[in-house]
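Let me begin by presenting the structure, written as structure tokens, before commenting on it.
Every number in this text was worked out from the coordinates using simple rules, so none of it is lab data. Predicted model, so just to flag it, every value in this text is computed and none were measured. Neighbour counts are summed over all protein chains in view; Cβ atoms, including those assigned to glycine, are modelled from backbone coordinates with ideal geometry.
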Amino acid sequence: MKLKIIFIPLFAILCFYSCKKEVKETTLVKKFQMAQPAEVGMIADSLDKIEEMVKSFIQADKYPGAVTLIAKDGKIVYESAIGWSDSAKTEPYRMDHLFRMASMTKPLTSVAAMQLVEDGKIDLDDPVGKYIPTFNDTEVLTSFNSTDTTWTTEPADKAPTIRHLLTQTAGVPYGFMNPRVNGAILAKNNIPDLSTSLPITIEETASKLGDLPLMHQPGERWMYGLNTDVLGRVVEVASGQKLDDYIREHITKPLEIEHLDFYFNDSLTQDLSRVYVTGSNGKINEVSQMGSMYIANYPTQGAKTYLSGGSGMTGTARDYYLFCQAMLNDGILNGNRILEAETAQSMHQNQIDSIAYPWGKAKFGYGFDVAKDHPRRPDGTYSWSGAFSTTFWIDPVNDLIVIQLRQVLQSPYNGDINSKLEKIVYGALTDLK
């Protein structure tokens, strides 16, 4: 009798844990669908050339390595982690290494803003000054004296709007795009280009930016700048939440994304990929400090107060993939919708009309570059990249997502490696559309 009494609870416990394990495994299968390349019309031997290609850049001392993920038809068909995170070559890259996404943050902040448009809390044609008062009565730069860093301005002929921020046409500058003028103005006001370890907030910097001159009349030019950082502050004001809390609640948590965020606990420093810069000899060097405003470990160390909507997120390839797949699915993934289909589609349609785009024949949507007459990517492919050499593209024509994460600050070799990656990926499609 005693044996029977003991057996029944033991059996129940075993059933509980067995069911628990089954649920966990089912969740993983649902979260990441896997397939062999041949199942989705891709050639495995061709994709295997990615490893050889990345190794050639490692051997040339141009990159420490790369983590690559390719998905087609909603299934991951290729993943690789090649090279070393540290210069001593003791820590091989892993698929779960954390990479600073830098400007690959912009699409998520743009989605956050578009969610608030759907909710009626923001209108695309609202003036930015409605949310950040210093953007009322904006001025436009007319001249700059580099000797004493003074400038002259004229009144803006119209107010910059949320639409201008989303399309990078508001005239809010990046310092690195024109160091002599933009850089000097921002430095004088202690405004960073990238997510910083300083104990400041985007509320402070967005307010400062509203008091500074725009670089051109709103809506008249496309100019890459801190527009999305300002947009992040708009999200905070309109939602009543801090930007990181908003994105967690409305984007990453619904998509079951675990490691894509602005800051992490110090215990995850060991999972953080190391930062490199390219020296004057063309070779890479690992760095621990990146100027007075930045430390290399900013996502896990430092003040952790600056929520840069344009450059602040860090994460893994698989976690960023979940966001990309939701966008490719017109705003939904595994039954969790983050955008209505029409809104999601509008984000990767031309939203700048005939305004000249400085980087080729492409156009720009809301937070994404949109391909046109690209040598390999079909028209309508949308993408972006980051200052630390991260890149992704989403190709709706071929139902394809490609992500490659590297960690060299503003590498001069990004164009070369991206081109080689495209050639391999599209060469692996058996039915190229």
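Some values worked out for this structure:
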{"quantity": "Where labels lie 7 Å past Cα in the beta-carbon direction, separation of M290 and A341 in nm", "calculated": "3.9 nm"}
{"quantity": "Mean Cβ neighbour count within 10 Å, used as a protection proxy, ranking 141-148, 184-191, 322-329 highest first", "calculated": "322-329, 184-191, 141-148"}
{"quantity": "Dipole magnitude (debye, nearest 20) for segment 133-290, charges at Cβ of Lys, Arg, Asp, Glu", "calculated": "440 debye"}
{"quantity": "Shape of the chain, Cα gyration tensor, a/c cut at 1.5", "calculated": "prolate"}
{"quantity": "Assigned charges on the beta-carbon of Lys, Arg, Asp, Glu; segment 59-181 dipole about Cα centre (debye)", "calculated": "460 debye"}
{"quantity": "Within segment 391-433, backbone nitrogen closer than 11 Å to the virtual label 7 Å beyond the Cα of R376 toward Cβ", "calculated": "416-429"}
{"quantity": "Residue (of P192, T161, P179) at the positive-pole extreme of segment 111-241, dipole from beta-carbon charges", "calculated": "P179"}
{"quantity": "Net dipole in debye of the chain [+1 Lys, Arg Cβ; -1 Asp, Glu Cβ; about Cα centre; nearest 20]", "calculated": "1080 debye"}
{"quantity": "Selection from M114, T138, P127 lying farthest towards where the dipole of segment 103-154 points positive, charges on Cβ", "calculated": "M114"}
{"quantity": "Fewest-first sequence of H348, H374 by Cβ atoms within 10 Å of each Cβ", "calculated": "H374, H348"}
{"quantity": "Listed peptides 211-217, 404-410, 294-300 by packing density, highest first (mean Cβ within 10 Å)", "calculated": "404-410, 294-300, 211-217"}
{"quantity": "Cα-based shape type of segment 143-296, given that a ≥ b ≥ c are square roots of the gyration tensor eigenvalues and the cut on a/c is 1.5", "calculated": "oblate"}
{"quantity": "Potential lengthening between N334 and S207 on full extension [0.36 nm per residue; Cα-Cα distance subtracted]", "calculated": "41.8 nm"}
{"quantity": "Cα→Cβ-extended label distance, 7 Å offset, between Q59 and M95, nm", "calculated": "2.7 nm"}
{"quantity": "Positive-pole candidate from G240, T343, N329, dipole of the chain, charges at beta carbon", "calculated": "N329"}
{"quantity": "Highest average packing first - 156-165, 239-248, Cβ atoms within 10 Å", "calculated": "156-165, 239-248"}
{"quantity": "Amide N of segment 208-248 lying under 15 Å from the label point, which is placed 7 angstrom from the Cα of D137 along Cα→Cβ", "calculated": "210-213"}
{"quantity": "Residues with amide H under 5 Å from that of A387, placed H, sequence gap 5 or more", "calculated": "S103, M104"}
{"quantity": "In nm, spacing of pseudo-spin labels at A303 and N145 (7 Å Cα→C-beta vector)", "calculated": "3.1 nm"}
